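What follows is a set of notes on a single structure, which appears directly below.
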Amino acid sequence: ATLGVLRGHEIQVSATGPESQAALAAIQALADQAFGDAEPPEAVSAPAAPTALSPDILAHPASLQGAPASPGIATGPAALYQVTLPAIPAHVIADPAAEWASFQECLEKTRAQIMADLTLLQSHNAAKAGDILEAHRLYLEDAALLDPVRDAIFNQKMNAAAAWQQAVERLAQSYLALPDAYQRTRAKDVEDVGQQVLARWLGEPDTAPPLSRPAILIAPDLSPAEIARLDPSLVLGIATESGGSSSHAVILARSMGIPAITGLGPGLRQVQDGMTVLMDGASGEFWIEPSQALLVEVTEQSVREKDARAAAQAQSHLPAITRDQRQVRVMANIGSVKDVALALSSGAEGVGVFRTEFLFLQRQAPPSEEEQYQAYRAVAEALGGRPVIIRTLDAGGDKPLPYLNLEKEANPYLGWRAIRLCLAQPEMFKSQLRAILRVAVEFPVKVMFPMVALFSEWQAARRLLQEASLELRERGQAVPAAVETGIMVEIPSAALTAEQFAPEVDFFSIGTNDLTQYTLAAERGNPRLASLYDPFHPAVLELIQRVVQAAHAQGKWASVCGEMAGDPRATSLLVGLGVDELSMNAPSIPQVKQIIRGLDYASARVQANKEHSTAH
């Protein structure tokens, strides 16, 4: 990590010694599996959160301005927190072996505390953020830290505390010297782990910031471990003097739903324990002893927002029907059966995209037909009869499959992936199709092919689906009489030729994430291109409208399943363009359904056409 290696960089690894080839083979195997990291979901949305303060509220002068870290408005008494460790001893030791053995015990106890903190995160419904603490645990096994400590203890007779602190500072400096801003923030992780070990070695207890009543926690900075030990019912918000919005402590706070602001600077030291403070985690504004008028205004807005979210959740299981009786189906995007419970509790009417990549990645051989059948059936069964669209394998290119020995590509986003890869691996593809068909005998399952650019690709995929059905019949297994089959429209060529596809497909599902980046030649993950990546661009809207019109002309339906589907700003526009179904991450569902129920479809159509014609 301290080499500053970023995604896409090419690295060379060399080794010497009797086991060098085995070591190199192991590293190559890790690289082939993206070092254990699965690709992030295509449309990961943050949990629904309060909006920023209104312009009227923001007109009041803010005491301090920090970095927005975790959205939410909070007001209450300040609770100051700061940990000061005892001075690190400077004495030399007489028995290095005993010192090292004692230090190993200290590391083991720290490791146990980290695992206890992981359990706490699970109780806070923030288990997905546990990888952060897992990474902290791994630092305790890192030779970059342990080897210098051992050397200092045995060769320099340095005491363990001084040796550990020296190693931590050197590794942290290595991170701070990196050019990439995100990687520089990892220095804080090293320091946090270092402080945990020192606290235990020096006899300091593992404690959470003490809170006896609800308050806003004020601190110079906080570590992920300290965040994990907080009681979310008592922490109204977090404000820190230093830290960044991409720190792991902030990510944990966000996952626990705690509003947070970082980087407020030395001005935060004005705050005294018990003072009333006000903060807006979405804008980074922080007020010390705000006026009564401001507090009343903020409190009223906060209550309105809370009530609106509660009302949306309470009505999330009602259908999304406009005031003039047009129904729009609202579905969930999921990656495994674990996602179904949240989808249903959020009001999903089914699954609009079931991503199947999790079965194929991070392994040395493709999954068997039976393994896939069990996974798909588990999802369909958990949905209780609601429909599910299973998207066939969307891997290759930027999501490598090590067991296929694919060549490295200069531009994997435009490469040998998704339907292109599947058509070139027909037996592997048909294994997946057979598994899907077997589930479709019992449950309302639909099939969707990703990244289709050409009509000929659709035809070839359909032929393989028919072959898979025939093979099941020859085995004596039941197959459905028919399975609705469609394509994911992610490539402009498919949108521009939608009239050719429409007579044959059963539905279209528009993946606005890729459609936007391909239309505007702006990679969606590149921060330098953020101003170009715009799903509301007239060219993208034109393509969406073409697909919807082509579908309706043939009596078919069209869905939007990219991030745009869950964006409340886009709801009226997409409904007005005639989209029949919206599929999104579960937390966005209640608000989107509520917006639809407040719309008049005829008016939304007029407005959407007006925006479209104005763009032209």
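Just the residues that are polar (S, T, N, Q), closer than 17 Å to Ala78 by Cβ and open to solvent by 40 Å² or more (accessible area, probe 1.4 Å), please, taken from region 258-298.
Initial filter on region 258-298 (polar (S, T, N, Q)): 262, 270, 272, 276, 283, 291-292.
If we keep only those that are closer than 17 Å to Ala78 by Cβ as well, we get 262, 270, 272, 276, 291.
Across region 258-298, the qualifying residues are Gln270, Gln272, Thr276, Ser291.
The residue that is modelled with the highest pLDDT, counting only those in region 501-547 that are assigned to a helix (DSSP H, G or I), in contact with a Phe, Trp or Tyr (Cβ under 8 Å, 6 or more places away or on another chain) and among the aliphatic types (A, V, I, L, M), is Val547.
The rows are residues; the columns are (1) touching a helix residue (DSSP H, G or I) at 6+ places or on another chain (Cβ under 8 Å); (2) basic (Lys, Arg); (3) at positive phi.
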| position | (1), (2), (3) |
| --- | --- |
| Pro366 | yes, no, no |
| Glu371 | yes, no, no |
| Arg377 | yes, yes, no |
| Glu381 | no, no, no |
| Pro387 | no, no, no |
| Lys408 | no, yes, no |
| Asn411 | no, no, no |
| Trp416 | yes, no, no |
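Just so you know, in region 164-180 the residues that are touching a residue at least 40 places away in the same chain (Cβ under 8 Å) and in a helix (DSSP H, G or I) include one that is least open to solvent (accessible area, probe 1.4 Å), and it is Trp164.
Take the conditions within 17 Å of Ser583 (Cα to Cα) and surrounded by fewer than 18 Cβ atoms within 10 Å (Cβ to Cβ) and apply them to Pro444. Does it pass? Considered against the rule, which asks whether it is within 17 Å of Ser583 (Cα to Cα) and surrounded by fewer than 18 Cβ atoms within 10 Å (Cβ to Cβ), Pro444 comes out as yes.
Listed here are the residues, each with its yes/no results for (1) closer than 30 Å to Tyr413 by Cβ; (2) open to solvent by less than 10 Å² (accessible area, probe 1.4 Å); (3) out of contact with any strand residue (DSSP E or B) (no Cβ under 9 Å at 6 or more places or on another chain); (4) not in a loop (DSSP other than H, G, I, E, B).
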{"position": "Ala460", "(1), (2), (3), (4)": "yes, no, yes, yes"}
{"position": "Gln466", "(1), (2), (3), (4)": "no, no, yes, yes"}
{"position": "Ala481", "(1), (2), (3), (4)": "no, no, yes, no"}
{"position": "Met488", "(1), (2), (3), (4)": "yes, yes, no, yes"}
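Listed by position, the strands (runs of 3 or more DSSP E) inside region 204-288 whose residues that are under 24 Å from the mean Cα position of the chain (by Cα) number at least 1 are 235-240, 260-262, 276-280. If only residues of region 300-322 that are under 12 Å from Gln591 (Cα atoms), assigned to a helix (DSSP H, G or I) and small (Gly, Ala, Ser) are counted, the one that is most open to solvent (accessible area, probe 1.4 Å) is Ala314. Restricting attention to region 326-379, and to residues there that are part of a strand (DSSP E or B) and open to solvent by 20 Å² or more (accessible area, probe 1.4 Å), which single residue is modelled with the lowest pLDDT? It comes out as Arg355. Would you pick out the residues in region 544-584 that are of a type in the set (S, T, N, Q) and closer than 20 Å to Phe449 by Cα? Within region 544-584, Gln554, Ser559, Ser583 meet the criteria.
If you check Leu202, Leu222, Leu145, Leu217 for being surrounded by 17 or more Cβ atoms within 10 Å (Cβ to Cβ) and closer than 29 Å to Glu99 by Cα, only one passes: Leu145. Of all residue pairs spaced 6 or more apart or on separate chains, those with beta-carbon atoms under 6 Å, a first member in region 185-198 that is outside any helix (DSSP H, G or I) and a second member that is buried (at least 20 other Cβ atoms within 10 Å of the Cβ) and not aliphatic (A, V, I, L, M) are Thr185/Ser247.
For the criterion of being in contact with a Ser or Thr (Cβ under 7 Å, 6 or more places away or on another chain) and either part of a helix (DSSP H, G or I) or surrounded by fewer than 15 Cβ atoms within 10 Å (Cβ to Cβ) (or both), Ala565 passes.
Within region 129-157, the set of residues being out of contact with any helix residue (DSSP H, G or I) (no Cβ under 6 Å at 6 or more places or on another chain), within 20 Å of Leu3 (Cα to Cα) and in a helix (DSSP H, G or I) comprises Ala135, Leu138, Ala143, Leu146, Asp147. Scanning region 181-197 for residues that are at pLDDT 85 or above and open to solvent by less than 10 Å² (accessible area, probe 1.4 Å) yields Val190, Val193, Gly194, Val197. Of the residues Arg417, Arg438, the single one that is crowded, with 18+ Cβ neighbours inside 10 Å, within 30 Å of His9 (Cβ to Cβ) and of a type in the set (Lys, Arg) is Arg417. Per the listing Gln327, Gln372, Gln313, the residue uniquely polar (S, T, N, Q) and over 27 Å from Phe508 (Cβ atoms) is Gln313. With respect to (1) part of a helix (DSSP H, G or I); (2) modelled with pLDDT of 95 or more; (3) open to solvent by less than 50 Å² (accessible area, probe 1.4 Å), the lone exception for Ser583 is condition (1).
Reported count of residues in region 396-449, each being among the aromatic types (Phe, Trp, Tyr), within 26 Å of the chain's Cα centre (by Cα) and in a helix (DSSP H, G or I), is 1. For region 352-388, the set of residues classified as under 21 Å from the mean Cα position of the chain (by Cα) and either free of Cβ contacts under 8 Å to residues at least 60 places away in the same chain or closer than 23 Å to Leu472 by Cβ (or both) consists of Phe354, Thr356, Leu359, Phe360, Val379, listed by residue number.
The values are calculated or read from the model by the stated rules, or taken from the named source; none is laboratory data. Note that the coordinates shown come from a computational prediction; the quantities given were computed from them, not determined experimentally. Neighbour counts are summed over all protein chains in view; Cβ atoms, including those assigned to glycine, are modelled from backbone coordinates with ideal geometry. SASA here: full protein model, heavy atoms, side chains in, ligands and nucleic acids out. Shrake-Rupley method; radii C 1.70, N 1.55, O 1.52, S 1.80 Å.
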